[in-house]
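Report on the structure given below.
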Amino acid sequence: MSSEAEFGTPPGGNASGHSTRRGVRAYLIGLGLAILMTIASFWAAQTHLIYGPGISVAIVVLAIAQMGIHLVFFLHITTAPDNTNNVLALAFGILIACLVIFGSLWIMANLNRNMLPMEQVMRMQN
């Protein structure tokens, strides 16, 4: 008895080799695009063709594009009706990440503003 007969069809496809080839091709396209985005990020960081303050914007745009590539090609998160739970889980994860990032920035800004000047700290230690 084969493993397919015991366990059924693999998730996301039928038992034929055609869907396996299509899946591998999608992974290879995603890998190629991810590598391209990584190379573009390194190029943007080291080139003098981009205006200085625009380098960070270019890197952020490339990072967001690479996240999108990973979500679509590797995690298979789409807006199809059968992926509603995946999209909700992704939205919740993004919400939590934003809360942690902006909360950390807010705390660091307030700590920096409310700290004693170094001269006063040195006088307190003596």
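The values are calculated or read from the model by the stated rules, or taken from the named source; none is laboratory data. Since the structure is predicted, the reported quantities are computational estimates derived from the model, not experimental observations. Cβ placement follows ideal geometry from the backbone for every residue including glycine, while neighbour counts extend to all protein chains displayed. The protein model used for the area step is the full one, side chains on, heavy atoms only, and it has no ligands, DNA or RNA in it. Shrake-Rupley method; radii C 1.70, N 1.55, O 1.52, S 1.80 Å.
Each residue in the stretch 48-69 was checked for being closer than 24 Å to residue 29 by Cβ and open to solvent by 70 Å² or more (accessible area, probe 1.4 Å), and 4 of them qualify.
When the stretch 39-82 is examined, which residues are found to be farther than 22 Å from residue 94 by Cα and either part of a helix (DSSP H, G or I) or of a type in the set (S, T, N, Q) (or both)?
39, 40, 41, 42, 43, 44, 45, 46, 47, 54, 55
In the stretch 47-70, the residues that are in contact (Cβ under 8 Å) with a residue 40 or more places away in the chain form Cβ pairs under 8 Å with partners that are part of a helix (DSSP H, G or I), at six or more places apart or across chains, as follows: 70/30; 70/34. Whether a residue is open to solvent by 80 Å² or more (accessible area, probe 1.4 Å) and under 22 Å from residue 38 (Cβ atoms) was assessed, and residue 75 passes this test. Name the single residue that is farthest from residue 74 (Cα to Cα) among those in the stretch 1-47 being open to solvent by 90 Å² or more (accessible area, probe 1.4 Å) and modelled with pLDDT of 90 or more. Step by step, filter the stretch 1-47, then rank; the result is 46. All of 80, 58, 109 fail the test of being modelled with pLDDT of 85 or more and small (Gly, Ala, Ser), apart from 58. For the stretch 83-115, the set of residues classified as over 20 Å from residue 68 (Cβ atoms) and surrounded by fewer than 10 Cβ atoms within 10 Å (Cβ to Cβ) consists of 111, 112, 113, 114, listed by residue number.
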